[in-house]
1. Rounded to the nearest 0.05, what FRET efficiency is calculated for B:R133 and B:S80 with R0 set to 22 Å and r the Cβ-Cβ distance?
2. List the lysines whose alpha-carbon lies under 26 Å from that of B:K75, not counting same-chain residues fewer than 8 positions away?
3. Mind grabbing the accessible area of B:M33 for me, 1.4 Å probe, Å², rounded to tens?
4. Pop the C-beta distance of B:Q56 and B:N5 into the FRET formula with R0 = 45 Å and round what comes out to the nearest 0.05.
5. Considering the dipole of the stretch B:1-107 built from charges on the beta carbon (Lys and Arg +1, Asp and Glu -1) around the Cα centre, which of B:T31, B:G64, B:Y49 is farthest to its positive end?
6. Set Lys and Arg Cβ to +1 and Asp and Glu Cβ to -1, take the dipole of the stretch A:3-72 about its Cα centre, and tell me which of A:I59, A:I18, A:M43 lies farthest positive.
7. P(r) for the stretch B:1-107, please, calculated from all Cα pair distances in 10 Å bins and given in %.
8. So how far, in whole Å, is the C-alpha centre of the stretch B:1-80 from the one of the stretch A:24-75?
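The values are calculated or read from the model by the stated rules, or taken from the named source; none is laboratory data. No experiment lies behind these values; they were computed from the predicted model shown. Because the Cβ atoms are built from the backbone with ideal geometry, glycine has one as well, and the counts that use them run over all protein chains shown. Calculation scope for accessible area: heavy atoms of the full protein, side chains included, ligands and nucleic acids excluded. Shrake-Rupley method; radii C 1.70, N 1.55, O 1.52, S 1.80 Å.
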Amino acid sequence: MAEYRLDCLGEACPVPLIKTQKKMEQLKVGDTLIVEIDHSCAMKNVPEWARKVGYNVEIEEVDDGEWEIYIEKTK
Amino acid sequence: MNLINSPWYKRIFKDAWSYWTGAILLATLNTAMVAISGKGWGVTTTFAYWGAWILQLFGADVSGWNFFQLEANSKALGQSVFTNTGSVQNIGIIVGALLATLLASQFKIKKLKSYKQFIAAALGGLLMGYGARIAFGCNIGAFFSGIASMSVHGWVYAIFIFLGAWIGSKLLVRYFMT
């Protein structure tokens, strides 16, 4: 049940999505990845992908134009 | 209830609109643009004018260039940012984007992450600018307005933009993402 952070601040599409996909491969089932982003279109495509794979996703707006996406590896 | 917290404010200004909403608005606005200005929406041809105006400021004569032999382009040489339709449109894009991000409280000045990111962005920008000129338009002028006006060149552009995006993302992953 470990928690990991992925710093994608300052990165534009498609970099946050590709980095998230790679990082999720390394996680064990039950682990959570927190992706830090400040690119509004990554706020759309990263959760979209994670939900399609079947992971639990939550988005939190932490500051103006800054978000944290919580992705739990469920399988 | 405070305006910022109203669900309608969130829906209109904060959340991303659906692709359908965007598509219908773009189609309507581009039709209006053709009706008013006589030309479909374009972005990058104007950049060539901006470049020419800057060169003219320094005394360079660009009127002999092949590009400025076309009547529409040679006319632009005597115009300014305020009298050239394309310039006003481009300024509208910048001001509109700023307004949208401010209304959504999402304005943020982003940091450069690494010199690699800088090189990738500069290289990408130069290639896109050059490509847009030799293709007679960018993804707005050649692709969006081209296909909407039933021109074959829009479809040819579509095939190659997908090829280019595919190669570009391979290069990005291989050389610029570590």
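1. With a Förster radius of 22 Å, E is 0.55.
2. Cross-link targets: B:K39.
3. Only protein atoms counted, so the area is about 50 Å².
4. Working: r = 51 Å, r/R0 = 1.14.
Calculated transfer efficiency: 0.30.
5. Checked the options; the winner is B:T31.
6. A:I18
7. So the P(r) values, bin by bin, are 12, 32, 27, 18, 9, 2, 0.
8. 34
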